[in-house]
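Engineer: Here it is, the structure, as structure tokens.
The numbers here are math on the coordinates, done by the rules we state, and not lab data. What you see is a predicted model; the values in this text were computed from it and never measured. Because the Cβ atoms are built from the backbone with ideal geometry, glycine has one as well, and the counts that use them run over all protein chains shown.
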Amino acid sequence: MFIDPITGNFYGYIPFGDIVFYLTDFSVIAFLVALFFTLVVYLTKPEKQLEAQINDFDKFNIVSLKELKIRRLMAIICGISTAFAMLTGDLFDYALFLAVIGISNIGIVSAVKKEWVLNAAYQYGIIAMISSLPLFGAAGLILAKTGTLSILELSKTAHDIFYQKIIYAVGMVGETGIAPFYAAKAEMFKAPGAPYILMIHLSSLLIIIRTAEILLSIH
């Protein structure tokens, strides 16, 4: 199979109805990495959060427990969606996981009750909603052209879907790939309770790598 040189050894697949997870060296390792950081977030109790005032001129902010719990919940949802996105073998299911990751990323950012942070969350939300069109549209175009959305099947036979793959990549970038840039724009690392924002960067990194793997596998 064409998929083997890119993802490593292929160990099989696990069907759950319409959702099929396939196991390779790459998918298993990426799944375990995402799952590990999700467990770290889960075990990090928000009521134990500490705030630090780095400079004398910085304003010391107290974050409410309710706000931290919302951010923690969104980070857990983001981590779980990222973990299973690493295993899925269907382009449509992968797009669904990307949409959930995008929603949870918006939730992580918008939970911060700061004007500049909420502005960044609003702008990112607009981009994510617009990007859902090329993301799911490309999946539909690939299905119409090839008759399947299975990554395993698409990797077996050559198809002329170059432009559809470009559109799919554009949708991915808008849905999750640009999330770290909006987090940086909102200066989330300086916002109170910022550690949960690290899940945005981890998910975006893994999604970009997984999307590259998928687009190189299907041809």
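Engineer: Net charge near Ile142, counting Lys/Arg +1 and Asp/Glu -1 over other residues with Cβ under 15 Å of its Cβ?
Structural biologist: Neighbourhood net charge equals -1.
Engineer: With Cβ to Cβ distances under 14 Å as the rule, what net charge do the other residues near Tyr168 carry (K, R +1; D, E -1)?
Structural biologist: The answer is -1.
Engineer: Further, regarding this structure: Binned at 5 Å from 0, what are the whole-percent values of the Cα-Cα distance distribution for segment 66-219, short to long?
Structural biologist: 2, 10, 21, 21, 17, 11, 8, 5, 3, 1, 0
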